[in-house]
Amino acid sequence: MKKTAFLPLIILMVMVIMTAGCVSTATDLAGTWTTGAYTSPSGTHYTKFVEVFNADGTGTETGFFDNGSTEIWNMTWIKTGDSTYLYSYESWTATLSSDGKTITYSDGSVYTREGNTGTGYAGTWTCTQLYYGKLYTITDVLNAENTGSSTWTYENGTQYGSWDLMWYETDENTCFTTYTDSAVLVTMQADGTAKDNYGLIYTKS
């Protein structure tokens, strides 16, 4: 659900990809689920959310307000374990080169591994990108336990910002990544419901 604030547009353009352990978009979470009420940290109150998880890993979330109006967000989702899932409002994929030295993002940008800092996607990767007339060096540190960070630095060496990441391998050379603040973690319960990291219970339609 859209429980966190939107990241600045420039941040959303980051394409940092990492890997560790294969995951898929298959099975139990696919379908339509409904939650109870939720109040965001900013004070926005929702009477419920309706989540639609398509079998292809896409989906939508609809938030219902007190006055009956709605807001809809697109999202993507993956299975991360036997009974655990993750869905995100901002996520990306990327491909690791056959020699393991570069990763190429869907926007065509290429990140280069720094030295011998890891295997697969794990390690430190850098890329220089021009966004809105400003040049940034992006340093992505990809840890082996599905965590990481992306740090943006201006051309003059001043840091623009740094953000936590989550990542999962979805195929042999393809990965799914998202900002931690944009991800919702969902766990299937023994009674057939699901529960997320915000404490909301999901009931399948």
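Every number here is computed from the coordinates shown, using simple stated rules; none is lab data. In this text, all values refer to a predicted model and were calculated from it rather than measured experimentally. Here Cβ is always computed from backbone atoms with ideal geometry, including for glycine, and neighbour counts include all displayed protein chains.
Please compute the contact order of the stretch 79-120 in relative form: average sequence separation of alpha-carbon pairs under 8 Å and at least six residues apart, divided by the residue count, as a percent.
Normalised by residue count, the contact order of the stretch 79-120 is 24 percent.
What is the fewest-to-most order of 99, 181, 56, 171 by other Cβ atoms lying within 10 Å of their Cβ?
Numbers: 99 7, 181 18, 56 10, 171 13.
By the 10 Å Cβ count, ascending: 99, 56, 171, 181.
Show me the three semi-axes of the equivalent ellipsoid for the stretch 95-169, from the C-alpha gyration tensor (sqrt of 5 times each eigenvalue), largest first, rounded to whole Å.
21, 14, 11
Return the Rg/Rh value of the stretch 130-202, two decimal places, where both radii are evaluated on C-alpha atoms and Rh is the Kirkwood radius.
Reported Rg/Rh, Kirkwood definition of Rh: 1.14.
Pick from 96, 165, 135: which is most flexible by mean-square fluctuation in a GNM of the chain where alpha carbon atoms under 10 Å apart are linked?
Checking each option, the largest mean-square fluctuation is seen for 135.
Kindly count the pairs of lysines across the chain whose alpha carbons are less than 15 Å apart, treating pairs on different chains or eight or more residues apart as eligible.
Pairs that pass both the separation and distance tests number 7.
So what is the calculated 222 nm ellipticity per residue for the chain, using -39500 (n - 2.57) for each DSSP H run with n of 4 or more, over all residues, to the nearest 500 deg cm²/dmol? Before the final figure, lay out each step's value.
On the way: 1 runs with 4 residues, N = 205.
Here the helix-only value at 222 nm equals -500 deg cm²/dmol.
How much length would be gained if the chain were fully extended between residue 112 and residue 164, taking 0.36 nm per residue of separation minus their Cα-Cα distance, in nm to one decimal?
16.8 nm
Can you tell me how much longer the chain between residue 173 and residue 137 gets when fully stretched, taken as 0.36 nm per residue apart minus their C-alpha distance, in nm with one decimal?
Taking residue 173 through residue 137 to full extension adds about 10.5 nm, to one decimal.
Let me spell out the model: positive unit charges on the Cβ of Lys and Arg, negative unit charges on the Cβ of Asp and Glu, origin at the Cα centre of the stretch 95-169. What dipole size does that give, in debye rounded to 20?
Value, rounded to 20: 180 debye.
Counting only C-alpha contacts under 8 Å and six or more residues apart, can you give the relative contact order of the chain as a whole percent?
In percent, rounded to a whole number, it is 22.
On full extension of the chain, what length is gained from residue 191 through residue 47, given 0.36 nm per residue of separation minus the C-alpha to C-alpha distance?
49.5 nm
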